[in-house]
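Below you'll find the structure, written out as structure tokens, and then a few comments.
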Amino acid sequence: MIGARVIVIGGGLAGIAAALDCAASHAAVTLVEVRPRLGGAAYSFERDGLWLDNGQHVFLRCCERYRALLDRLGTTSDTVLQDRLAVPVLAPGRPVAWLRRTGLPAPLHLTGSLLRYRHLRPSQRLGVARAALALGRVDPDDPRTDERAFGDWLTGHGQSPEAVELLWELIGRPTLNLRTANASLAAAAFVFRTGLLERAAAGDIGYARVPLQRVHGDAALRALERGGVDVRLGWRAQRVEADAHSRAVVGGAGERLEADAVVVAVPHERAIALLPDGALRGLGDPAALGSSPIVNLHVVYDRHVLDHEFAAAVGSPVQYVFDRTASSGLGHGQCLAVSLSAADTEIDESVERLRARFLPALAELLPPARGAEVQRFVVTRERMATFRASPGARRLRPGPRTGINGIALAGARTDTGWPAPMEGAVRSGHAAARVALAAVGHERALQETVA
């Protein structure tokens with residue numbers, strides 16, 4: 001139906017992708033967002049002359065839909081993507097170790113790196129390599145796999161607590177935002193297979209070279225307006241209803257907007273409050289998913305202390321640290337971002353306690369930091385950064401189709417199969433757009449690039 005009206009609630013990556021798809025299919029689209037900006041949970045803010053991201057968001061080469069959205073927004077050049085996976089791994093008082101791929105086909109591309117990984121003993125390296133091959137044979141789509149904890153599987157495959165901490169947590173914790181003991185085996189198998197084991201180049205790491213607001217929010221506003229989307233910032237949706245004529249009505253901001261279809265692309269706790277009664281009956285239980293937090297520490301030194309663009313850490317409370325000097329706009333010294341995933345402990349710690357714990361830990365990892373002056377220490381907290389990909393989570397994630405025709409659901413918590421928040425969000429937006437367009441009788445299939 002050419003000219004059908006679609007309302008998208010939420011201006012994060014899911015809502016942006018859905019709105020662009022619907023507009024490209026000649027629907028009249030209105031996007032409403034309660035914040036004064038687009039970009040959702042991946043945003044930037046200015047503090048005392050520095051631009052800081054709320055969190056250190058990364059993507060992998062296998063995140064094809066997210067990367068396609070960057071192309072669509074014209075901001076691919078504002079990101080960095082490694083030519084070949086290479087992760088320096090720091091440990092207190094020890095030489096740097098590297099996890100990197102070779103030019104061999106998967107899964108042999110990581111074998112040499114694992115066998116030379118100096119933070120593990122030789123016997124542990126062989127055991128890790130065998131377990132990695134076994135994990136590649138686990139079916140992430142088997143419901144029984146989703147009910148099992150990844151940590152139990154690792155123990156059953158001979159992985160010692162030391163090997164888990166020095167390698168498996170290094171990869172699993174930032175990608176799942178959970179400790180291995182608490183994560184679903186299905187989610188872990190998906191991450192390791194898709195990101196590391198099936199295609200050699202899939203795990204190459206990418207991240208923004210400029211503030212995230214420029215990469216996502218500002219660029220999306222321009223792209224949406226070029227596409228004819230009516231973007232309304234500072235507009236709080238309060239309720240979605242279906243009227244007697246099979247049209248949807250979105251109430252909020254003192255007015256009621258009518259549409260032929262609605263895409264609800266907000267965090268699940270907000271979505272539940274917005275949706276009509278019964279919309280999710282029998283379609284999952286997003287309220288039971290729970291959330292896992294992320295904390296980021298932004299540390300400004302008076303001098304250069306980190307020689308890598310980013311590094312992982314083991315044997316330390318530091319997990320990953322990124323050089324964000326250029327992105328922040330700092331003129332002298334170095335600005336580091338310490339990313340702490342599954343931060344259940346750190347989320348409620350005071351700034352003073354975090355500073356007292358992590359500055360000495362950084363000094364242990366980075367000898368130049370021992371004599372450096374810390375000029376700023378800023379903490380950002382995302383209490384509900386991701387859903388908890390714990391055992392049984394897959395059956396709780398609803399799909400894009402609700403129980404009410406014309407109302408679609410989007411967001412990283414929907415069942416895209418991906419735990420990665422940015423890739424999952426974009427995929428969910430595409431899926432919700434297809435549902436919304438189908439509800440208004442749109443026959444033209446979307447391009448495969450947004451499937």
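Consider the range 223-260 and keep the residues that are in contact (Cβ under 8 Å) with a residue 60 or more places away in the chain and of a type in the set (D, E, K, R). The one that is farthest from A24 (Cα to Cα) is R236. Set side by side, the residues P360, P368 differ, and just one is of a type outside the set (G, A, S), out of contact with any Leu (no Cβ under 7 Å at 6 or more places or on another chain), more than 26 Å from I171 (Cα to Cα) and in a helix (DSSP H, G or I), which is P368. Within the range 283-308, the set of residues being more than 30 Å from I407 (Cα to Cα) and under 21 Å from the mean Cα position of the chain (by Cα) comprises I294, V295, N296, L297, H298. Kindly evaluate V96 against the criterion of being of a type in the set (A, V, I, L, M, F, W, C), in contact with a Pro (Cβ under 6 Å, 6 or more places away or on another chain) and either at negative phi or surrounded by fewer than 23 Cβ atoms within 10 Å (Cβ to Cβ) (or both). Against the criterion (of a type in the set (A, V, I, L, M, F, W, C), in contact with a Pro (Cβ under 6 Å, 6 or more places away or on another chain) and either at negative phi or surrounded by fewer than 23 Cβ atoms within 10 Å (Cβ to Cβ) (or both)), V96 qualifies.
Residues in the range 118-127 include none that are touching a residue at least 24 places away in the same chain (Cβ under 8 Å) and under 27 Å from the mean Cα position of the chain (by Cα).
Scanning the range 142-165 for residues that are closer than 20 Å to A91 by Cα and under 23 Å from the mean Cα position of the chain (by Cα) yields V164, E165. When each of A91, A68 is tested for being farther than 21 Å from L114 by Cα and either at pLDDT 95 or above or surrounded by fewer than 21 Cβ atoms within 10 Å (Cβ to Cβ) (or both), the lone residue that passes is A68.
Screening A312, A412, A326 for residues that are touching a residue at least 24 places away in the same chain (Cβ under 8 Å) and in a helix (DSSP H, G or I) leaves exactly one candidate, A326.
Applying the criterion of at least 3 residues that are in the same structural domain as V435 (by TED's automatic domain parsing), crowded, with 24+ Cβ neighbours inside 10 Å and among the β-branched types (V, I, T) to the strands (runs of 3 or more DSSP E) found wholly in the range 209-270 leaves 261-264.
Total residues in the range 65-106 satisfying the condition of being without any contact (Cβ under 8 Å) to a residue 12 or more places away in the chain and not hydroxyl-bearing (S, T, Y): the figure is 1.
Can we say L52 is modelled with pLDDT of 95 or more and not assigned by TED's automatic domain parsing to the domain that holds G234? So L52 passes the test.
Going by the conditions given, is A42 touching a helix residue (DSSP H, G or I) at 6+ places or on another chain (Cβ under 9 Å) and buried (at least 22 other Cβ atoms within 10 Å of the Cβ)?
Numbers: touching a helix residue (DSSP H, G or I) at 6+ places or on another chain (Cβ under 9 Å): yes; buried (at least 22 other Cβ atoms within 10 Å of the Cβ): no.
It is false that A42 is touching a helix residue (DSSP H, G or I) at 6+ places or on another chain (Cβ under 9 Å) and buried (at least 22 other Cβ atoms within 10 Å of the Cβ).
When you check T111 against the structure, is it surrounded by fewer than 20 Cβ atoms within 10 Å (Cβ to Cβ) and part of a helix (DSSP H, G or I), yes or no? When the stated conditions are applied, T111 passes them. Might you let me know whether the range 281-297 holds any residue that is in a strand (DSSP E or B) and among the charged types (D, E, K, R)? No - not one qualifying residue is present in the range 281-297.
Would you mention how many residues in the range 189-208 are in a strand (DSSP E or B) and among the hydrophobic types (A, V, I, L, M, F, W, C)? If you could, list the steps in order and put the result at the bottom.
Here is the first cut: in the range 189-208, the residues in a strand (DSSP E or B) are 205-208.
The next check asks that each one be among the hydrophobic types (A, V, I, L, M, F, W, C); those that pass are 205, 208.
The number of residues fulfilling the criteria is 2.
For the range 370-388, what are the residues that are under 30 Å from D415 (Cβ atoms), of a type in the set (D, E, K, R) and surrounded by 15 or more Cβ atoms within 10 Å (Cβ to Cβ)? Result: R381, E382, R388.
Does the range 183-195 contain at least one residue that is over 18 Å from the mean Cα position of the chain (by Cα), outside the structural domain of A420 (by TED's automatic domain parsing), without any contact (Cβ under 8 Å) to a residue 60 or more places away in the chain and crowded, with 20+ Cβ neighbours inside 10 Å?
From the range 183-195, those over 18 Å from the mean Cα position of the chain (by Cα) are 185; that's our starting set.
Narrowing the set further to residues that are outside the structural domain of A420 (by TED's automatic domain parsing) leaves 185.
Still in the list and also without any contact (Cβ under 8 Å) to a residue 60 or more places away in the chain: none.
Looking through the range 183-195, none of the residues is over 18 Å from the mean Cα position of the chain (by Cα), outside the structural domain of A420 (by TED's automatic domain parsing), without any contact (Cβ under 8 Å) to a residue 60 or more places away in the chain and crowded, with 20+ Cβ neighbours inside 10 Å.
Please state which one of E443, E423, E364, E373 is over 30 Å from G333 (Cα atoms), among the acidic types (D, E) and at pLDDT 95 or above. Working first, answer last.
Working: E443 fails: at pLDDT 95 or above; E364 fails: over 30 Å from G333 (Cα atoms); E373 fails: over 30 Å from G333 (Cα atoms).
The match here is E423.
For the subset of the range 55-95 comprising residues that are outside any strand (DSSP E or B) and polar (S, T, N, Q), which member is nearest to A41 (Cα to Cα)?
Our first condition is that a residue be outside any strand (DSSP E or B); within the range 55-95, this holds for 55-57, 61-78, 82-85, 92-93.
If we keep only those that are polar (S, T, N, Q) too, we end up with 56, 75-77, 82.
On the way: Q56: 11, T75: 18, T76: 19, S77: 21, Q82: 24 Å.
Among those that are outside any strand (DSSP E or B) and polar (S, T, N, Q), it is Q56.
The values are calculated or read from the model by the stated rules, or taken from the named source; none is laboratory data. Here the structure is a predicted model, which is why all the values come from computation and not from measurement. Note that each Cβ is placed from the backbone with ideal geometry, even for glycine, and that neighbours are counted across all protein chains shown.
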